[in-house]
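Structure record follows, encoded as structure tokens.
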Amino acid sequence: MKTTRQSLLNRCVALLIAFHLSLCISFAQERCHYEKVDSTTVERLLADPAAKQGGVGQTMLYYARQFLGRPYVAHTLELFPDDERLVLNTRELDCTTYVDVVVALTLCSRRGETTFRQFVHQLHQQRYWDGKCDGYPSRIHYFTDWIRDNTRLGFAREIQLDQAPFTAVQKVSVSYMTTHPNAYVSLKRHPEYLSVIAAQEKDLTGHRYRYIPTAQLGDSPALRAAVHDGDIIAITSLTPGLDIAHLGIAVWHDDGLHMIDASSRHKKVVEESVTMQQYLSNRKNADGIRVVRLQ
């Protein structure tokens, strides 16, 4: 009997070791570059019970505010132009990486996931086509494609109403990456990627999406019903070849709709003091917002 018990114990230990190794191997395959402070920050935030109060929008807004004051730094994902890997940097953020991190935290938290490995897996799923990091073209570069793929995965959905305040239609026409390859270090060093990116641009071009133009962003019952706290705000671009000019997270104040964003103007993550209508009135390269909500 003692031998049998010892044999069973040995088998259990072996299975636990094998399971642990499989997790380690799976994590290693994520090819994630980060610093210890990033993993500590993620696990601290995922363990915070305050994040789970209210609905998904409130969780999104809670995490959005945890990064206020973080410095704005562009191009943090471009550390490995010859060997693409998932870069996680919670210390320095631009508008895209800021929204990406807040979304991953929110989705993990709503599922009760608390480990860094689970967070990295989620970030991997939402940032790369089919969740697979396989070279620079496997990263989702245009935000409209991010919306499409994350909708397919069940993580998010774009609000598309055939009524006010969604009174304008954006016909997407993207070509910026292939017409400005020298602006992207990976494309400059690897021109062989251009044909893949061009095919992605061709597939995206021509799609139409309803959006809220600047004139419709004044405070109103219709706008408050259409845009919720914690929604992703995707500012529509007037720059030829681009779909989206900037990203942020919606938050309502008494005077109207505002945005929390990683701001290049303020050089940090801020809760903008002006309304979205005021913000866009001062921008020549944008004319409204698209609205994306987590599921």
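The values are calculated or read from the model by the stated rules, or taken from the named source; none is laboratory data. As the structure is a computational prediction, the values presented were derived from the model and not from experiment. With ideal geometry, Cβ positions are generated from the backbone for all residues, glycine too; neighbour counts draw on all protein chains shown. Ligands, DNA and RNA are excluded from the accessible area calculation, which covers all protein heavy atoms including side chains. Shrake-Rupley method; radii C 1.70, N 1.55, O 1.52, S 1.80 Å.
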Legend entry - Evaluation of LEU161 against (1) of a type outside the set (Ser, Thr, Tyr); (2) closer than 29 Å to VAL174 by Cα; (3) crowded, with 16+ Cβ neighbours inside 10 Å (one fails), failing number: (3)
Inset, instruction - Quick one: CYS32 ticks every box in (1) modelled with pLDDT of 95 or more; (2) on the phi < 0 side of the Ramachandran plot; (3) under 17 Å from the mean Cα position of the chain (by Cα) except a single one, so which number is it? - result: (1)
Legend entry - Selection count where residues are touching a residue at least 12 places away in the same chain (Cβ under 8 Å) and open to solvent by 40 Å² or more (accessible area, probe 1.4 Å), scope the stretch 201-214: 4
Legend entry - Number of the condition not met by VAL87 [criteria: (1) open to solvent by 60 Å² or more (accessible area, probe 1.4 Å); (2) within 15 Å of the chain's Cα centre (by Cα); (3) among the β-branched types (Val, Ile, Thr)]: (1)
Legend entry - Residue that is most open to solvent (accessible area, probe 1.4 Å) [pool: residues in the stretch 280-295 that are touching a strand residue (DSSP E or B) at 6+ places or on another chain (Cβ under 7 Å) and not hydrophobic (A, V, I, L, M, F, W, C)]: GLN295
Legend entry - Odd one out for ILE244 among (1) within 18 Å of ILE212 (Cα to Cα); (2) buried (at least 16 other Cβ atoms within 10 Å of the Cβ); (3) without any contact (Cβ under 8 Å) to a residue 60 or more places away in the chain; (4) not aromatic (Phe, Trp, Tyr): (3)
Inset, instruction - Could you tell me whether the stretch 183-196 includes any residue that is over 23 Å from GLN125 (Cβ atoms) and of a type in the set (Lys, Arg)? - result: yes
Legend entry - Options THR97, THR41, THR59; residue that is surrounded by 15 or more Cβ atoms within 10 Å (Cβ to Cβ), over 16 Å from the mean Cα position of the chain (by Cα) and at pLDDT 95 or above: THR41
Legend entry - Scope the stretch 100-112; condition crowded, with 16+ Cβ neighbours inside 10 Å and more than 26 Å from ASN182 (Cα to Cα); matching residues: VAL101, VAL102, VAL103, ALA104, LEU105, THR106, LEU107, CYS108, SER109, ARG110
Legend entry - Leading residue by the ranking (nearest to HIS253 (Cα to Cα)) among those in the stretch 215-229 that are surrounded by fewer than 18 Cβ atoms within 10 Å (Cβ to Cβ) and out of contact with any Phe, Trp or Tyr (no Cβ under 8 Å at 6 or more places or on another chain): ASP219
Legend entry - Flag for PRO71 being closer than 29 Å to TRP252 by Cβ, open to solvent by 40 Å² or more (accessible area, probe 1.4 Å) and more than 18 Å from the chain's Cα centre (by Cα): no
Legend entry - Residues satisfying the stated conditions in the stretch 174-198, i.e. of a type in the set (A, V, I, L, M) and either open to solvent by less than 60 Å² (accessible area, probe 1.4 Å) or closer than 29 Å to LEU223 by Cβ (or both): VAL174, MET177, VAL185, LEU187, LEU194, ILE197, ALA198
Inset, instruction - Report yes if GLU78 is assigned to a loop (DSSP other than H, G, I, E, B) and crowded, with 20+ Cβ neighbours inside 10 Å, otherwise no. - result: no
Legend entry - Checklist (1) open to solvent by 40 Å² or more (accessible area, probe 1.4 Å); (2) modelled with pLDDT of 95 or more applied to ASP130, failing item: (2)
Inset, instruction - Could you give me the residue pairs with C-beta distances under 6 Å whose first residue belongs to the stretch 82-108 and is closer than 25 Å to LEU187 by Cβ, whose second residue is in a helix (DSSP H, G or I) wherever it lies, and which are 6+ apart or on separate chains? - result: GLU84/TYR136; LEU86/HIS124; LEU88/ASP38
